[in-house]
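Okay, structure first, notes after.
Just so you know, all these numbers are worked out from the coordinates, no wet-lab data involved. Only a predicted model underlies this, so the values are computations on that prediction, with no experimental measurement involved. A quick note on method: Cβ atoms are made from the backbone with ideal geometry, for glycine too, and the neighbour counts reach across all protein chains shown.
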Amino acid sequence: MTARRIAIVHERFTEYGGSEAVIAEFMKTWPGAPVFAPIVEDDCARALFAAVRDGSPATEVAAVRDTWLSRAHIASGRRSHAPLLPFVPRALRGLPLRGEYDAVVISHHAFATQAALATDAPVIAYVHSPARWAWDKEFRQREAGGRAGQLALTALGQLARRSELRAAPRLTHVVANSQAVAERVRDWWGLPASVVNPPVRVERFAPDPAVEREDFFLFAGRLVPYKRPDLAIAAARRAGVRLVVLGEGRFRKQLESLAGPETTFLGAASDEVLLDMYRRCRALLMPGIEDFGIVPVEAMACGAPVLAVGAGGALDTVIPGISGEHVAPGSDEAVIAGFARIMREFDPAAYPQETIRKHAIGFSPEVFRSRIADIVSRNCR
């Protein structure tokens, strides 16, 4: 049987994160498949190639093919890719995808599905989320950072909505990374979506029998508004319990002004420190509504229970009474009160580490690759 000719499309390679880890698994699933993106930075590409090889230097890795926007990014001094975003849809529609491939697999955040208009092949879109800042006014207002930012994000949001709706009829199959994202695809695009949770490198995280849980809760992640670290800090203060905040971001100074003496900020930390915190915390806090949420699964792979707002990706990962507990979504005051109530009397011993880790293994890269390969195979021409 002739090997399938697959092309992979990503929105941009400007920093390595969860969606780039998904691309690495796509590249392992279809070795040698070309990868296209409008903007590619060398450091991010090197991190991607390292993730694909992952200790196997002989692994076949195709080059990442960029567009004229990469040159424009370099010419601007690489200060920010944001001013180039209005040009991304046109760059994606100009990709050389027509007549070459049995299927095109797209990794979508806001504009990537425009590549569906550049090909006559079946298109499978793996959707991290439709552009939340484009469709959700409240989310956009939190993220914009001032009047000028709101105006710019509103204009960009209009472009993103038009682009997503224009491409939707060309999508052969939509795969959402969580049930919550599948609901957004249904509500905003009018399309059905299957769900394949993203890959988490659970083999890198495990409990240490020699390490005991200590008397602190953990927030780990970028200190940006949508992750709502402010709610975790307020809840810890109300409950009178210790909180360690691991991460860095533009929200930090404001958060420090909200915190009491029970909260410790460690800033950005190495993987070794993160692993140690997962192993020692009473529980990880997830006060923001994530599309999926990699960090909670990493914590669970270390046997740590997770306390999360019962919405978004937490509905896929946190099983009440088994891998943690849900706090009912609601107003900020209601969420703070809900977290504080659980944290005050929380007993991690009620959640066996072995059971939590077994649950986390279900989000492994091997499971992800098997499921996504099956979907693409069934939709190839």
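Can you compute the equivalent ellipsoid semi-axes for the range 317-381, i.e. the square root of 5 times each eigenvalue of the Cα gyration tensor, sorted largest first and rounded to whole Å?
Details: eigenvalues 247, 66, 7 Å².
Whole-Å semi-axes of the equivalent ellipsoid: 35, 18, 6.
Could you tell me whether the chain comes out rounded, prolate or oblate from its Cα gyration tensor? Rule is a ≥ b ≥ c as square roots of the eigenvalues, rounded for a/c under 1.5, then prolate if a/b exceeds b/c, otherwise oblate. Taking the square roots of the gyration eigenvalues as a ≥ b ≥ c, the chain is prolate.
If you stretched the chain out fully between PHE87 and ARG186, how much longer would it get, using 0.36 nm times the residue separation minus the C-alpha to C-alpha distance?
On the way: separation 99, 0.36 × 99 = 35.64 nm, distance 2.67 nm.
That pair, PHE87 and ARG186, stretches by 33.0 nm at full extension.
Cβ neighbours within 10 Å, averaged per peptide: list 153-165, 7-19, 253-265 in order, most packed at the top. The partial results should precede the final answer.
On the way: 153-165: 17.6, 7-19: 21.6, 253-265: 13.8.
Descending mean neighbour count gives 7-19, 153-165, 253-265.
When +1 charges are put on Lys and Arg Cβ atoms and -1 charges on Asp and Glu Cβ atoms, the dipole computed for the range 202-361 relative to its Cα centre reaches about 320 debye. For the range 250-264, backbone phi angles converted through the Karplus equation (6.51, -1.76, 1.60; θ = phi - 60°) give residue-by-residue couplings of 5, 8, 4, 4, 5, 5, 4, 6, 8, 7, x, x, 7, 9, 10 Hz, Gly and Pro being listed as x. A simple charge model with +1 on the Cβ of Lys and Arg, -1 on the Cβ of Asp and Glu and nothing else charged puts the dipole of the chain at about 1240 debye relative to its Cα centre.
When the charge dipole of the chain is built from unit charges on Cβ atoms (+1 for Lys and Arg, -1 for Asp and Glu) and taken about the Cα centre, the candidate among ALA33, HIS81, PHE13 whose Cα reaches farthest toward its positive end is HIS81. Just subtract the alpha-carbon distance of ARG222 and ALA350 from 0.36 nm times their residue separation and send over the number in nm, one decimal. Length difference between fully extended and current span is 43.2 nm.
Take the alpha carbon gyration tensor of the range 202-361, find the square roots of its eigenvalues, order them as a ≥ b ≥ c, and report rounded if a/c is under 1.5; if not, report prolate when a/b exceeds b/c, else oblate. Walk me through the intermediate numbers first.
Values: a/c = 1.43, a/b = 1.25, b/c = 1.15.
Since a/c stays below 1.5, the shape of the range 202-361 is classed as rounded.
Does the range 148-267 come out rounded, prolate or oblate by the C-alpha gyration tensor, with a ≥ b ≥ c the root eigenvalues, rounded set by a/c under 1.5 and, if not, prolate when a/b is larger than b/c and oblate if not? Note, shape of the range 148-267 comes out oblate. The angle between the Cα long axis of helix 18-29 and the longest principal axis of the Cα atoms of the chain comes to about 50 degrees, rounded to the nearest 10. Helix 271-280 and the longest principal axis of the Cα set of the chain meet at an angle near 40°.
Could you compute the FRET efficiency for ASP276 and ARG341, with r as their C-beta to C-beta distance and R0 at 45 Å, rounded to 0.05? Mind dumping the intermediate values first?
Working: r = 28 Å, r/R0 = 0.62.
The value I calculate is 0.95.
Applying 1/(1 + (r/R0)^6) with R0 = 30 Å to the Cβ-Cβ distance of ALA50 and VAL211, what FRET efficiency is obtained, to the nearest 0.05?
Approximately 0.60, to the nearest 0.05.
Counting other C-beta atoms within 10 Å, which of MET27, MET300 has the fewest, and how do the rest follow? Before the final figure, lay out the partial values.
Numbers: MET27 24, MET300 32.
Neighbour counts put them in this order, fewest first: MET27, MET300.
The alpha carbon centroids of the range 66-95 and the range 213-232 are separated by 33 Å.
Under a 5 Å amide H cut-off, with hydrogens placed 1.01 Å from N, PHE217 pairs with ARG242, LEU243, VAL244, ARG282 among residues at least 5 apart or on other chains. Our estimate of slack between TRP68 and ARG238, defined as 0.36 nm per intervening residue step minus the Cα-Cα distance, is 56.0 nm. Taking other Cβ atoms within 10 Å as a rough exposure proxy, ILE294, ILE74 sort from fewest to most as ILE74, ILE294.
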